[in-house]
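Novice: Got a structure for you, written out below as structure tokens; questions coming shortly.
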Amino acid sequence: MKHEIDHLLKDALSYKEEPDDRLNQRIIKTVQQKERAHMDKNSNRIRVPAAALLAALVIFAGSATVYAAWKYLTPDQVAEVAEDLKLAEAFRGEDAVAVNEVQECGKYRITLLGIVSGKNLSQYISTDYAGNLQDNRTYVVTAIENADGTKRPDTSDDDYGKDPFLVSPLIQGLNPKDYNIITMNGSYFEMVEDGIQYRIAECDNVEMFADREVYLCVSDGNFYNIEAYQYDENSGVISRNESYQGVNALFTLPFDQEKADKQAAEEYLKTLQSELSGQEAKEEESISEESLCNKVSKEVSEWKLADFNEKTKLITEIEIAPNAKGAFEYDYTIGENGMGSSGTIMPEFISERDEEGLAKVRSVRSGDDEDTAYIETYTLQDNGRLILRTYQYTER
């Protein structure tokens with residue numbers, strides 16, 4: 001075995017080549033492919049002869065890149081655990097890039113293991129939020145471990161997920177708070193092996209932006225953290241916030257600039273910007289409705305029946321008998337506009353009521369426009385039946 005590894009290394013180090021990134025890639029891939037045949041069939045870990053590891057470390061003295069090549073599972077092995085054999089094969093292909101760059105942030109050591117981009121690389125086809133198939137994707141594999149050497153919790157442990165991470169590509173010139181894995185139809189698979197947390201993050205193919213810097217951020221939390229990174233609006237450069245105390249690793253993805261596609265990038269950005277504009281409009285509308293509902297809820301919390309009769313318009317009134325469990329089920333149409341309302345009112349929700357029998361709990365929902373809200377009131381009668389009245393509130 002030692003003779004074979006020596007031969008492979010000698011072949012890789014021909015006198016015509018300098019020890020650059022391409023040479024590094026050749027050594028990593030060549031040795032990994034040969035050692036894959038010696039893997040324990042009952043384990044996802046690679047057994048690497050000490051001679052092979054020593055030879056590589058002598059060539060690149062102190063190289064963290066080479067060290068990382070054997071410390072962790074390879075990207076194709078992580079894909080195999082995810083039962084995505086097609087993606088595993090893609091990570092063994094010529095278009096895949098093994099990176100193996102390590103960064104430490106506080107209590108964590110984060111390694112970018114590898115990346116591959118292209119069409120139909122996975123046997124599991126993703127969809128966007130509208131249900132459209134997405135078959136042109138970027139897949140990035142990272143490893144996260146505790147810097148003190150303790151093991152990360154298994155996915156079945158109660159502590160798993162208590163310190164969540166966001167792993168996302170970011171693109172130079174695009175504000176990362178708007179353009180990240182969440183808006184780029186992203187998803188991920190995660191596993192823990194030997195105390196190391198592995199993640200395959202996928203999103204729309206960002207290789208089209210290869211003519212500019214494309215980053216990979218790994219930060220704490222479930223969403224993009226504007227405190228963890230800095231965005232220069234003039235240059236479009238994204239950088240770590242050095243004063244941030246949490247996790248804010250930032251890698252540069254090694255894309256081949258020749259694979260950039262400006263036309264595809266422009267069309268993609270138009271689509272994203274259209275979706276973002278539509279989402280912002282919905283959020284503004286939702287905030288407006290929520291603000292009115294909150295305002296109405298506070299205003300009517302202490303109203304009596306006389307207040308409702310004076311300040312609102314009664315549009316629906318129904319009487320409900322309790323079911324076998326004492327709860328009140330309802331399903332009716334509000335007024336003439338055909339808006340439906342249905343649900344179940346539990347008896348404990350109407351136990352506290354005023355002298356007129358009006359329950360303290362009132363339900364408020366948004367109306368047809370931003371100035372209108374509907375208020376449902378519950379009045380418990382002496383016969384045990386419930387009067388449900390719906391009032392229309394219009395902001396003046």
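A short reminder: the numbers here are calculations on the coordinates, not readings from a lab. Just so it is clear, the model here is predicted, and its values are computed rather than measured. Positions of Cβ are generated from backbone atoms using ideal geometry, with glycine treated the same way; all protein chains shown enter the neighbour counts.
Novice: Student exercise: in region 102-200, how many lysine pairs 8 or more apart or on different chains have Cα atoms under 30 Å apart?
Specialist: Taking region 102-200 as the scope, the lysine pair count is 6.
Novice: Give the long-range amide H neighbours of Q134: residues separated by 5 or more places, or on another chain, with amide H under 5 Å away, using H modelled in the peptide plane at 1.01 Å from N.
Specialist: Amide H neighbours of Q134: S126, T127, D128.
Novice: Counting other beta carbons within 10 Å of each residue's own, what order do L272, L253 fall into, fewest first?
Specialist: Final ranking by Cβ density, sparse to dense: L272, L253.
Novice: Now for a separate question. Kirkwood Rh over alpha-carbon pairs of region 73-260, then Stokes-Einstein at 4 °C and 1.567 mPa s: what D in µm² s⁻¹, rounded to an integer?
Specialist: 77
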